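Please read the structure below before turning to the comments.
The values are calculated or read from the model by the stated rules, or taken from the named source; none is laboratory data. In this text, all values refer to a predicted model and were calculated from it rather than measured experimentally. As a convention, Cβ positions derive from the backbone with ideal geometry for all residues, glycine included, and neighbour counts pool all protein chains shown. Accessible surface areas use protein heavy atoms only, side chains included; no ligands, DNA or RNA. Shrake-Rupley method; radii C 1.70, N 1.55, O 1.52, S 1.80 Å.
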Amino acid sequence: MPDATYQFPDGFLWGTATAAHQVEGGNTNNNWYAWENTPGKIFDNQKSSLACDWWGGRWKEDLGNAAKDGQNAHRFSVEWSRIQPAPDRWDESALDFYRDILKGMWELGLTPVVTLHHFSDPLWIYEIGGWENEKTPEYFEQFVRKVVDALKSEVKIWVTLNEPNGLVVNSYIDGCFPPGKNDFRAAFTALTHLIRGHGLAYQAIHEIQPDAMAGYALYYRGFFPKKSWFPPDHWVTGMLNRNVNDLFANAIRDGQVKFIIFKTMVKEAIGTQDFVGLQYYSSDEVSFNLLKPGELFASREYPKNAPVSPTGFIADVPQGMAQALKWAHQFRLPIYVTENGVEDAEDKMRPAYLLRHLREVWLAANFNWQVKGYFHWSQVDNFEWERGWSQRFGLWELDPKTQKRTRRRSADLYAAICKENGISSETVRWLAPEVFSEMFPG
Ligand code: GAL
């Protein structure tokens, strides 16, 4: 018997999350293929190539491992460019492939959560200007109709868009995603179209499948004023919160899109979410900096004592998860943590990161907030967008050349948590002793 357990509610969904372009391999008809083949865009000019070879059937191995390890759900995405390779062409065999995965998941006891758009666009959409084109929301809606109609018997929970706010920043402000722009107006245009695309998709899903649950997955970043006594730091923190965290949610509340100095109205978006999909990785301390107008006058740095991941991408700040959950609770809807994780090839930092973040999820669930599930990013190392293979987020390690999978300590830890539907002192003592006294102070 363990001395103590952080117990989660009955029926809690425990899973991992993946995305088509990152795990399937062989996606040669989307904007990311074009980006990978443009020199200088991806770390070391690496390519997704076979990725985790899910298209070749290795989803069976990865999802089989997930199920054996006590997971009862999985979130993955369908690839638009495979299902609709050209505006006037649908590939039924691609839909059959996804139907097979879904059937396989149910057989394994994994409840599917399906994302309809996870960063990648078909080349034909890219060529007409991607999300800057005002027709793209309607094209997306047609695609969603096709997919939902084909797969509705296997799926109840749909995520329309993955991190539309992150996508806009990466594609149109930082420029690290295709089309690599640095243009606030283009960002606002794309954002408005993503919001409209989401609204149309939500309505289409409910028309075809009235009992489905639909929502989008938000990139939530924790922001804390660096000097709590200094009003300008509070002001700039508020500005970041509004433009990064609140923006999409506000549009869904009342249709108003407000981004920096730009404003518009998207009526189709009002009231279009049945749950909050929350993705949280890290946080920043923010100070006001007049010299950074391009970054909304904000200097950002990791909190001083937070452990930082090997490539400096993520700081372990569980208070940000607490803040994210509190933020999500304001909508009084079910909450799914649709992503959370850390890149850590040697798996030194992940066990503690996982436990600290899950403790916040546990606390929120025990406040009786509607926290319904947690999806760790990710089951297995996969292709990390512009950072290529330089970052390893998997519970399992992957050698992309040989396709060999190797279990990390975190896979054991997460398996014990999923099987116990909780975090027991026994498990932590055995699998993450480095964080025992923090989780169970004596
Ligand atoms: C998220 C994204 C995932 C994955 C993860 C780790 O923002 O949705 O696809 O890349 O970050 O970097």
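So here's what we get for this one:
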| item | result |
| --- | --- |
| Candidate set: the range 1-46, residues that are part of a strand (DSSP E or B) and within 16 Å of the ligand (Cβ to nearest atom); chosen: the one nearest to W158 (Cα to Cα) | A17 |
| The range 349-396, subset basic (K, R) and more than 15 Å from the ligand (Cβ to nearest atom), residue nearest to M213 (Cα to Cα) | K372 |
| Filter result for A4 (among the aliphatic types (A, V, I, L, M), surrounded by fewer than 18 Cβ atoms within 10 Å (Cβ to Cβ) and in contact (Cβ under 8 Å) with a residue 12 or more places away in the chain) | yes |
| Tally of residues being closer than 23 Å to L116 by Cα, more than 19 Å from the chain's Cα centre (by Cα) and among the β-branched types (V, I, T) across the range 25-83 | 2 |
| Whichever residue in the range 85-113 is of a type in the set (K, R) and under 17 Å from W54 (Cα atoms) and, among such residues, is most open to solvent (accessible area, probe 1.4 Å) | K103 |
| Qualifying residue in the range 216-238 (condition: among the small types (G, A, S) and within 16 Å of the ligand (Cβ to nearest atom)) | yes |
| Test: residue in the range 325-346 that is of a type in the set (K, R), more than 13 Å from the ligand (Cβ to nearest atom) and surrounded by fewer than 24 Cβ atoms within 10 Å (Cβ to Cβ) | yes |
| Elements of type strands (runs of 3 or more DSSP E) in the range 147-262, at least 2 residues being open to solvent by 20 Å² or more (accessible area, probe 1.4 Å) | 213-225, 256-259 |
| The range 263-299, subset assigned to a helix (DSSP H, G or I) and either more than 30 Å from F313 (Cα to Cα) or among the hydroxyl-bearing types (S, T, Y) (or both), residue farthest from the ligand (Cβ to nearest atom) | K267 |
| Answer residue from the range 36-57, given it is in contact (Cβ under 8 Å) with a residue 12 or more places away in the chain and more than 20 Å from Q391 (Cβ to Cβ) and is surrounded by the most Cβ atoms within 10 Å (Cβ to Cβ) among those | W55 |
| Selected residue (only one of Y353, Y374, Y336 is within 17 Å of D316 (Cα to Cα) and of a type in the set (S, T, Y)) | Y353 |
| Residue check for I417: under 27 Å from G11 (Cα atoms), in contact (Cβ under 8 Å) with a residue 12 or more places away in the chain and part of a strand (DSSP E or B) | no |
| Checking E295 against (1) modelled with pLDDT of 95 or more; (2) open to solvent by 60 Å² or more (accessible area, probe 1.4 Å); (3) not hydrophobic (A, V, I, L, M, F, W, C), the condition it does not meet | (1) |
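Residue by residue, here is whether (1) among the basic types (K, R); (2) closer than 18 Å to G422 by Cα holds:
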residue: K304; (1), (2): yes, no
residue: D316; (1), (2): no, no
residue: Q323; (1), (2): no, no
residue: W327; (1), (2): no, no
residue: E339; (1), (2): no, no
residue: V342; (1), (2): no, no
residue: W369; (1), (2): no, yes
